[in-house]
Amino acid sequence: MLVKPHFADLLPDGSFNGTLNEFTVMDDVSSKRKIVEIMGNQNILKRRDASCNIIFSPVGKASIRQIETDEIYGATKHCENEFYKGCLEDFRNKDPKFRDYIMDFFLKAIKVDITSNAYFGDIDRANDGNGIWSWNVFDGIFKHYAKFISDGTIKPNQTTAFNSGDLTPTDGKEYLHWAYKNQDIFLKHLPDNMKAFYVSQSIFDAYEEFLTLTGGSNNIMLYQNGFKKLKYKNIDVLVETTWDPIMFALNNGVAAHACVLTIRGNFVFATDNSYGEATPAGVKALLVWYSTDELTWKYANFMRAGTGIAYPEHSVIGMTNIA
């Protein structure tokens, strides 16, 4: 038996925290939860004068934004009588093995769908006409970025629209250079290891070719999960491997590109690890049962999911305009 590779194989094992384990996970968001941003103040030093009056200045303040989760689910079923027809009839006595495969495919498919929505989800978007990608179950990172660009949280010089189509090696380098030079003053002065470029495969490949052609191959390394890792100006360039095929579909079959330079862990994935469906055995997130009236195995997974950006103002984002 051969199992064809699929996009789920690109994702790390364990709970969802992004393709590169770069998401910050909040696992106790039952509906809405406040993200409290505590900011330290400065400019509190004063000159003493001939007075006993002391001016007390606040050393910090807090601002609040919210992150929300939506109720979502995945479900599938397996009819053995339909499955074992033709040449597969010889495998009927291997049914427990196939049930294991179906459970594995089911959970991996949900993980791919969470990934596609975590980045590209837009509840106002139409379904994928080809039925391949899930991108309208909950709002994702790029929809939040569009809102923050529109309301001025992200300054105009920190965002741009990339062209569609193929990239040259120089394009790959220039896109990274554009992001680097347009950092806000805070992001620019963060230590290099506290930030990263998150890029589509197209930009990553173009920049890697640029390094090879210009003798900069010493900047090509391996990331912890086996993917290549590049550096630009000593900042990690990390490829998000699922971006290209999703943007290709959203851009009507034409290559599209994206690059985000921001603080590591700035993307937030929210869920509720206590959420599930009420059953006689208690609240369960994953249910598997045999339906005797339909002679069918059924699988269902219930969860809450949502995304947010902790510090959107400390981001530089370039992206092809897609539907």
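The values are calculated or read from the model by the stated rules, or taken from the named source; none is laboratory data. Quick caveat, the model's predicted, so the values are computed rather than measured. In this analysis, Cβ positions are derived from the backbone assuming ideal geometry, glycine residues included, and neighbour counts consider all displayed protein chains. In case anyone asks, the SASA skips ligands and DNA or RNA and just uses the protein heavy atoms, side chains included. Shrake-Rupley method; radii C 1.70, N 1.55, O 1.52, S 1.80 Å.
Could you tell me which residue of the stretch 126-149 is surrounded by the fewest Cβ atoms within 10 Å (Cβ to Cβ), considering only residues that are among the small types (G, A, S) and within 25 Å of L176 (Cβ to Cβ)? Residue satisfying both the conditions and the ranking: A146. Determine if the stretch 263-273 includes at least one residue that is open to solvent by less than 30 Å² (accessible area, probe 1.4 Å), part of a strand (DSSP E or B), of a type in the set (S, T, N, Q) and under 19 Å from N182 (Cβ atoms). The answer is no; no qualifying residue exists.
Answer yes or no: is there a residue in the stretch 246-255 that is more than 23 Å from the chain's Cα centre (by Cα) and either open to solvent by 50 Å² or more (accessible area, probe 1.4 Å) or modelled with pLDDT under 90 (or both). No, the stretch 246-255 contains no residue that is more than 23 Å from the chain's Cα centre (by Cα) and either open to solvent by 50 Å² or more (accessible area, probe 1.4 Å) or modelled with pLDDT under 90 (or both). Somewhere in the stretch 224-244, is a residue over 21 Å from F23 (Cα atoms), modelled with pLDDT under 95 and assigned to a helix (DSSP H, G or I)? No; the residues of the stretch 224-244 include none that is over 21 Å from F23 (Cα atoms), modelled with pLDDT under 95 and assigned to a helix (DSSP H, G or I). Listed residues K147, K173; which is closer than 21 Å to L238 by Cα, in a helix (DSSP H, G or I) and either touching a residue at least 40 places away in the same chain (Cβ under 8 Å) or out of contact with any Ser or Thr (no Cβ under 6 Å at 6 or more places or on another chain) (or both)? Matching residue, one of K147, K173: K173. If you go through the stretch 60-74 one residue at a time, do you hit one that is small (G, A, S), open to solvent by 70 Å² or more (accessible area, probe 1.4 Å), outside any helix (DSSP H, G or I) and modelled with pLDDT of 60 or more? No, the stretch 60-74 contains no residue that is small (G, A, S), open to solvent by 70 Å² or more (accessible area, probe 1.4 Å), outside any helix (DSSP H, G or I) and modelled with pLDDT of 60 or more. The residue that is surrounded by the fewest Cβ atoms within 10 Å (Cβ to Cβ), counting only those in the stretch 289-323 that are in contact with a Ser or Thr (Cβ under 8 Å, 6 or more places away or on another chain) and of a type in the set (V, I, T), is T320.
Cβ-Cβ contacts under 6 Å between residues 6 or more apart (or on different chains), taken from a first residue in the stretch 179-207 that is within 17 Å of V239 (Cβ to Cβ) to a second residue that is open to solvent by 10 Å² or more (accessible area, probe 1.4 Å) and in a helix (DSSP H, G or I), are listed as S200/D244; Q201/D244; S202/D244; I203/Y175; A206/P169; A206/D171; Y207/K173.
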